[in-house]
Number of protein chains: 2
Amino acid sequence: MALASSSRKVVDCVVSQARRSIARSGCRCRVVSSTHVPPSQYTAAVMAAFSSSARHEGPAVSSPPQSLLKPMDVPKKLLMGPGPSNCPPRVLAAGALPMIGHLHPEFLKIMDEVKEGIQYAFQTKNEWTFAISGTGHAAMEASVANILEPGDVALVCQNGIWGQRLADMVDRNGSTAAVIQCPMGEVFSLEQIEKGLQEHKPAMVFITYGESSGGTAQPLEGLGELCHKYNALLLVDSVAILGGYPLYMDAWDIDILYAGSQKVLCSPPGTSPISFSQRARDKIASRKTRVRSFYFDAKELANYWGCDEHPRRYHHTAQVSTVFALREGLARLAEETLEKSWKDHRECAELLYEGLEKLGLEPWVKNKDIRNPCVTAIRIPEGVDWKSVVDYAMQNYKIEIAGGLGDLGGKVWRIGILGYNCTPENVKLTLKVFGEGLANARK
Amino acid sequence: MALASSSRKVVDCVVSQARRSIARSGCRCRVVSSTHVPPSQYTAAVMAAFSSSARHEGPAVSSPPQSLLKPMDVPKKLLMGPGPSNCPPRVLAAGALPMIGHLHPEFLKIMDEVKEGIQYAFQTKNEWTFAISGTGHAAMEASVANILEPGDVALVCQNGIWGQRLADMVDRNGSTAAVIQCPMGEVFSLEQIEKGLQEHKPAMVFITYGESSGGTAQPLEGLGELCHKYNALLLVDSVAILGGYPLYMDAWDIDILYAGSQKVLCSPPGTSPISFSQRARDKIASRKTRVRSFYFDAKELANYWGCDEHPRRYHHTAQVSTVFALREGLARLAEETLEKSWKDHRECAELLYEGLEKLGLEPWVKNKDIRNPCVTAIRIPEGVDWKSVVDYAMQNYKIEIAGGLGDLGGKVWRIGILGYNCTPENVKLTLKVFGEGLANARK
């Protein structure tokens, strides 16, 4: 009797606490039923209702797959495509450090270092700066989910696949995408964007800084100011350019900026740096509807990453090993410095352009000033079987040269010069192999 | 002139292709403007509108953070909490294999092996079986986002934190969560669930198989059949139990099942196995609204993982290194076999229960038949400072013993016996340290 009574107290306590937790979270779920039989009776009832035979004499277990009983085959390649790039040994070694708990103080310290590293790479002092636990598309989706409410309009500048993907996410979010386009390989003018701002009164403008499908680097100066003049936030995708070309989040008035780990940061794909300006945070704070995603909720993530004044709450289990690796990729950039990294990428890109010219090839982007030095799209000459060049490089040298993406599929090759792979030696080797492959394709 | 004319052709082509791409995707975005000036003029206009000074003489670059210029400090610990668990050397080594492209044939083969490994671990033949690129919460959100439409009701069985989180996600998704509760440490009866099914006519029922906050193992037999009788799908969370206790997705008529990588599979957190039955796929196919998440869209993910008859499309960049590691965790399970793994976890749990009894402690879950052998919640005796026991183990032995989560915070400790850590030696050592910590706390 004493047990039943004390247990009953626990039951009541648990139910009321659960109700409080739900109320706290802003969730409007109804608690429609709770148990009122004392637990001791309750368990007996459960066990009677469920047959427990399967626990001990369940169905026959199917056999383990044969494919898993053999070792993995992972060849070493030189990844000169648009990413992932090769990871330096120190980054791979960091990812193989012993596992620790995602709330242990040693891990929280590493999260803090990652935040500082992202602030440096982004050139921002934003408090809400952290890494999303997912690849670049996850950061893209997180931007949309946090900033836009149903009914909000986003002006999407589309000159490649990323604008298409973002417009798709806006639509899924119940918001409206007003798409303005320019051809892949070209960039937007302030005038064209201003026209869009005037016509569509968007809550947010999306633009891709480094287009990996079209190969452009979009000029960004003055754009943040322009967006703010029309009460719009500026969201910038820097996945395929961060660290390889000048980027100043604060000085350029960017409100939401995200990147990927597997390009110039040369860490494994899986974590995506992101940062929110105070303007972006104000928009989030003024939402009338809940952010549709729990996993991508920036306010919760900012708390989990220690970006606010409250104690860190458990939001999800951080990707411990991938965060270790990202930390080391950021440390590499910090040691090298942004200025040197920008310079190296520009010089290697110049070397590539010269070499391509000697091979009779030309970048898809005519104007050198708007080329993304990190990913070069190369026009496929008429009559050349692009695939045979790609296959030649892979089969003979294990070098990755990529084909086109989206609407440039079959029209361009793409060569990436990213982070650890950004050396004159790699560019020269790639050009040599490219030339051989081209000669072979023309035979 | 010849150039302008051919470029103009490209412009028109690109714009119309982009429109087709958008139409194909089902996205309702409006293309509201596109460029009609010839690219050669266009670029000049852009460059005039944007000042390019920042490229070469931009703002001063802030200094790299000092914290990143020192090496990382990651101690070796024995993780006897509810996860992540320690990764075996072979898993860590797999995660440090050279990077390869996420669409290279060698990686696609490894994805196929991961699918087979998950099918084995889940005991399912479902074609739509793959890993979400995110931690357990991501798979939870993916389940909600794909199955439920606005207006749909989910019956959420809540006996711990996971039911709370799931209900929150349902609410964010614009659907309705009807929550039925039983106390943490207890499990649901078929009768209680049937009452919920009758009253709320849900499209889906959610239940946690292995509760890591309450320490229960929910009997599941007959539940799938019951749900189907009422036209509801059954969604089961097996994060904290998969591989450590019998589970038969097909034989038990489970429609959506997900798990995590960082528990019994002893791989780093970051990928989450998930599987959808034909019934679940039918529900997805009959949706009237788009899945709100692009990143978690099961149909797109199934294609990317090669689970349908179409060629694989690029959806997102898979977490290459984390997938390598998951593959090796699954290979370890395949070599060991499920039967042995279930037996080992049961035996180690028994050893733990005996040891706790000798220390005068008792599991929160009274009935041994409904205890999750992988995570044991232990009632904190009155007058004992739980935190000092946890600190003692960490400070003196670098052993993790966890506190309570959610409404059992301050009421229980939690000990995890997961995968690579599931050995009698680890259990005995943990008990020894636990006993010392307890004596120390009572001093």
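Worth pointing out:
- log10 of Debye I(q)/I(0), alpha-carbon scatterers only, for chain B at 0.07, 0.08 Å⁻¹: -0.44, -0.56
- Hits among lysines - C-alpha to C-alpha of B:Lys229 under 16 Å, sequence gap 8 or more where chains match: B:Lys195, B:Lys201, B:Lys283
- A:Tyr120 accessible area, 1.4 Å probe, all protein chains in place, Å² to nearest 10: 10 Å²
- Kirkwood Rh and Cα Rg combined as Rg/Rh, the stretch B:157-204: 0.97
- For the protein assembly as shown, the convex hull spanned by the alpha carbon atoms encloses 146 Å³ per residue.
- Within the accessible area of the stretch B:91-207, the carbon and sulfur atoms contribute 54%, probe 1.4 Å, all protein chains present.
- Principal axis dimensions, largest first and in whole angstrom, of the stretch A:225-329 by Cα: 40, 36, 24
- Residue (of A:Thr135, A:Gly355, A:Thr430) at the positive-pole extreme of the protein assembly as shown, dipole from beta-carbon charges: A:Thr135
- Amide H contacts of B:Leu79 (H built 1.01 Å from N, under 5 Å, at least 5 apart or other chain): B:Asn86, B:Glu400
- For A:Val156, residues with placed amide H under 5 Å, excluding near neighbours: A:Ala178, A:Val179, A:Ile180, A:Phe206
- Measuring from each Cβ of chain B to the axis carrying B onto A, the nearest residue and its distance in whole Å come out as B:Ala96, 2.
- In summary, the aspartates and glutamates within cross-link reach of A:Lys366, defined as a Cα separation below 16 angstrom excluding same-chain residues under 8 places away, comprise A:Glu186, A:Glu211, A:Glu350, A:Glu354, A:Glu357.
- The per residue volume of the convex hull around the alpha-carbon atoms of the stretch A:114-238 is 106 Å³.
- At most 15 other Cβ within 10 Å, DSSP loop - chymotrypsin sites (Phe, Trp or Tyr not before Pro), the stretch A:274-323: A:Tyr314
- Per-residue Karplus couplings for the stretch B:408-425, computed as 6.51 cos²θ - 1.76 cosθ + 1.60 with θ equal to phi - 60°, are listed in order as 9, x, x, 10, 9, 9, 9, 10, x, 10, 10, x, 4, 7, 7, 9, x, 4 Hz, Gly and Pro entered as x.
- Partner chain coverage, peptide A:165-176 - average Cβ within 10 angstrom: 6
- Heavy-atom surface of the protein assembly as shown, accessible at 1.4 Å and reported per residue (Å²): 34 Å²
- Within the stretch A:223-306, trypsin sites (Lys or Arg not before Pro) in DSSP loop having at most 14 other beta-carbon neighbours inside 10 Å: A:Arg287, A:Lys288
- Per-q log10 I(q)/I(0), the stretch A:288-443, q = 0.12, 0.14, 0.15 Å⁻¹ (Debye; single scatterer per alpha-carbon; no solvent): -0.70, -0.82, -0.87
- 3J(HN,Hα) from dihedral phi, the stretch B:368-375, Karplus parametrisation 6.51/-1.76/1.60, rounded to Hz, x for glycine, proline: 4, 5, 10, 8, 6, x, 7, 9
- Long-range amide H partners of B:Trp128 with built H, under 5 Å: B:Phe276
- Peptide A:308-321 is shielded by partner chain Cβ atoms: per residue, an average of 5 of them sit within 10 Å of its Cβ.
- The same position A:Asp282 in the other copies lies at 5.3 nm from this copy, comparing label points 7 Å beyond Cα toward the beta-carbon, shortest first.
- Taking only alpha carbon atoms, the stretch B:107-185 gives an Rg to Rh ratio of 1.07, where Rh is the Kirkwood radius.
- Of the peptides B:264-274, B:103-113, A:366-376, the ranking by mean beta-carbon count within 10 Å, highest at the top, reads B:264-274, A:366-376, B:103-113.
- Using a 7 Å Cα-to-Cβ projection, B:Pro381 label spacings across copies, nm, ascending: 8.5
- Degrees between helix A:39-49 axis and first principal axis of chain A (Cα, 0 to 90, nearest 10): 70 degrees
- Take each residue of peptide A:144-151, count the partner chain Cβ atoms within 10 Å of its Cβ, and average: the result is 1.
- For A:Lys109, inter-copy label distances in nm, listed shortest first [label point 7 Å out on the Cα-Cβ vector]: 4.2
- Mean shadow area of the stretch A:68-124 over all directions, Cα convex hull, nm²: 6.8 nm²
- log10 of Debye I(q)/I(0), alpha-carbon scatterers only, for the stretch A:357-433 at 0.11, 0.18, 0.27 Å⁻¹: -0.27, -0.76, -1.60
The values are calculated or read from the model by the stated rules, or taken from the named source; none is laboratory data. Small disclaimer: the values here were computed from a predicted structure and weren't measured. Cβ sites come from the backbone with ideal geometry, for glycine too, and all protein chains shown count toward neighbours. SASA here: full protein model, heavy atoms, side chains in, ligands and nucleic acids out. Shrake-Rupley method; radii C 1.70, N 1.55, O 1.52, S 1.80 Å.
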